[in-house]
Amino acid sequence: MMKLMLLGLAIGAMAFGASSVYDFTLSSIDGAATPLSSFKGKVVLLVNVASKCGYTPQYAGLEKLYATYKDKGLVIVGVPANNFGGQEPGSNEEIKTFCNRNYNVTFPMMSKVSVKGAATTPLYQYLTDKTANPKTGGDIKWNFTKFLVDKKGNVINRFESAVTPEAAELVKAVEAALAQ
C-alpha cells in the first residue's frame, strides 16, 4: 500500500508536466496567487516552517540570511505546514502575526499547505519526487527542511531541519548559486 501511495505521488508530480519550480503557484499568506515564476533569475530557498517547533528560532537566521543576500538575488519563501506534531496549528493570519511580532519576517510567506501525505501540495510533490529531483527528492522528515533553487528554477540542494540558516554549508551553497 505504501509503495502504491509513493508511486501515486511520483506520478502525480510528473503528471503536472513540471520541469522546474517555476511551474507552480502558491497563495501568499494574504491569499494572493504567487506564481513561483515571478522569482525567475533569482536564487530561491524554499522552507517548510512552523511556529511551535524546536527549530522555530531559525526564523531569525532565515531573516538575517535574507537581509544579507536579497539585494544580490536571494529570495527566501516560507511555506507553513502543520504536518509534524501539530506544530503549525494557527490560521494564516495568526502565522503572519507570529512571524512579524517575534521575528520581523520580511521574506515572502505563503499560505499554510501540506508538505507530506495524501494532501501534499503539488509543489512539494515535485520537490520530493525522486524521479524529478533524484539528488534532493524524498519525503520531508520535519519542519524547516530547506530546498535551494537556482536562477533557472532547478532544485540544486536540500538541507534538513538541523542545518541552520547560518551553517557554513548552506551559506556557501547560496553564495555559489548567486555567483552563477
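The values are calculated or read from the model by the stated rules, or taken from the named source; none is laboratory data. Everything numeric in this text was worked out from a predicted model, so none of it was measured. Using ideal geometry, Cβ is built from the backbone for each residue, glycine included, and neighbour counts are taken over all protein chains shown.
Laid out as a table, the results:
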| quantity | calculated |
| --- | --- |
| Residue count for the range 101-139, restricted to those that are farther than 19 Å from ASN82 by Cβ, among the β-branched types (Val, Ile, Thr) and under 15 Å from the mean Cα position of the chain (by Cα) | 1 |
| ASN104 vs. criteria at positive phi, of a type outside the set (A, V, I, L, M, F, W, C), out of contact with any strand residue (DSSP E or B) (no Cβ under 7 Å at 6 or more places or on another chain) and surrounded by fewer than 15 Cβ atoms within 10 Å (Cβ to Cβ) | yes |
| Selection status of PRO165, over 20 Å from SER20 (Cβ atoms) and touching a residue at least 12 places away in the same chain (Cβ under 8 Å) | yes |
| Which listed residue is without any contact (Cβ under 8 Å) to a residue 40 or more places away in the chain, farther than 22 Å from ALA18 by Cβ and of a type in the set (S, T, N, Q), from ASN104, ASN82, ASN92, ASN157 | ASN82 |
| Given (1) under 14 Å from the mean Cα position of the chain (by Cα); (2) closer than 17 Å to LEU178 by Cα; (3) not aliphatic (A, V, I, L, M), index of the condition ASN83 fails | (2) |
| Residues being at pLDDT 50 or above and either of a type in the set (S, T, N, Q) or surrounded by 15 or more Cβ atoms within 10 Å (Cβ to Cβ) (or both) - total across the range 1-45 | 22 |
| Count of residues meeting criterion [at positive phi and either in contact with a His (Cβ under 9 Å, 6 or more places away or on another chain) or free of Cβ contacts under 8 Å to residues at least 40 places away in the same chain (or both)] in the range 16-41 | 1 |
| Residue within the range 112-124 that is surrounded by fewer than 19 Cβ atoms within 10 Å (Cβ to Cβ), assigned to a helix (DSSP H, G or I) and not charged (D, E, K, R) present | yes |
| Selected residue [of a type in the set (Val, Ile, Thr), modelled with pLDDT of 95 or more and surrounded by fewer than 17 Cβ atoms within 10 Å (Cβ to Cβ)] from VAL149, VAL171 | VAL171 |
